[in-house]
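**Q** One structure is given below, represented as structure tokens, and several questions about it will come after.
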Amino acid sequence: MDNAARAAGRPPARLLAVSKTQPADAVAALAAQGQVAFGENYVQEAAGKIAALSSRGLEWHLIGHLQSNKAEQAAQLFDWVQTVDRPKLVGALARHRPAARGPLNVLIQVNIDDEASKHGCAPEAVEALAAAIAAEPALRLRGLMAIPAPFPERARRQAAFARMRALHEALAAAHPTADTLSMGMSSDFPDAIAGGATMVRVGTALFGARGARPT
Ligand SMILES: *Cc1c(COP(=O)(O)O)cnc(C)c1O
């Protein structure tokens with residue numbers, strides 16, 4: 001990560017350790033080495049780990065699709081929700097955020113390659129969603145998140161990062177709290193950092209291969 005940032009003349013990016021399917025022990029081992037931010041895809045799976053590790057001062061990010069009926073639990077459990085992609089979720093998260101926990105940090109997920117199979121809003125929808133989030137004192141708009149399509153051509157993947165960077169710069173100009181651009185995973189984080197990512201979400205490169213999703 002540091003090499004990629006230095007080579008591109010970019011500031012260092014933050015590392016989000018993606019711990020989905022990994023047991024709490026594996027999270028604890030990485031936390032003992034100083035890692036603070038962890039990403040989970042499923043509210044139910046995360047609940048157990050967050051409870052088990054509650055004394056360690058970790059920061060938990062939801063990076064999986066959020067169903068509206070899980071918004072209440074997500075607003076209570078997580079420090080960040082990176083997958084806000086529709087107005088209904090904004091209201092539900094704001095309504096259920098416990099005041100004692102302070103504002104919930106949220107990222108707007110953008111479907112940057114317009115894939116039918118992916119969640120996320122259209123780039124054109126970001127502005128209205130950002131305004132809705134900014135109007136909720138229980139939420140803090142922190143920026144954008146994307147999972148670009150795994151095109152075989154590197155130039156097409158880089159083009160998606162560049163479109164995200166432009167969207168993020170426009171958003172940050174209007175909303176100074178939007179300091180985060182979350183993109184890049186194990187296979188592409190150097191290009192993502194060169195392309196403007198301020199946070200990369202890395203799972204297998206840290207923990208090794210994932211097993212099946214725990215039930
Ligand atoms: C699983 C996942 C990651 C991490 O993927 P790796 O290839 O294991 O690094 C990052 N972001 C999201 C949204 C994920 O679901």
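Only the coordinates and a few stated rules stand behind these numbers; no lab work does. Model, not experiment: these values are computed from the prediction. Counting neighbours? That spans all protein chains shown, and the Cβs are built from the backbone with ideal geometry, glycine included.
**Q** Using only Cα atoms, what Kirkwood radius does the stretch 43-119 have, in angstroms?
**A** Details: mean 1/r = 0.0763 Å⁻¹.
Here the Kirkwood hydrodynamic radius works out to 13.1 Å.
**Q** Next question, about the same structure. Excluding residues on the same chain fewer than 8 positions from K20, give the lysines whose Cα lies under 19 Å from its Cα.
**A** Candidates past the 8-residue exclusion: K49, K70, K118.
**Q** Rounded to whole Å and ordered largest first, report the semi-axes of the equivalent ellipsoid of the stretch 2-207 derived from its Cα gyration tensor (root of 5λ).
**A** Values: eigenvalues 118, 98, 46 Å².
Largest first, the stretch 2-207 gives 24, 22, 15 Å.
**Q** Within the stretch 122-194, which GluC sites (Glu not before Pro) sit in a loop by DSSP and count at most 16 neighbouring Cβ atoms inside 10 Å?
**A** E153
**Q** Let me ask something else about it. With just the Cα atoms defining each centre, how far is the stretch 1-60 from the stretch 127-205? Give it in Å.
**A** Going from one Cα centre to the other spans 18 Å.
**Q** Further question: Going by amide H atoms built from the backbone, whose H comes under 5 Å of the H on R14, apart from near neighbours?
**A** Residues meeting the criterion, in which the H sits 1.01 Å from N, are M199, V200.
**Q** What is the list of residues in the stretch 122-144 whose amide nitrogen lies under 18 Å from a point 7 angstrom out from the Cα of A100, following Cα to Cβ?
**A** Only 138 fall inside the zone, counting backbone N under 18 Å.
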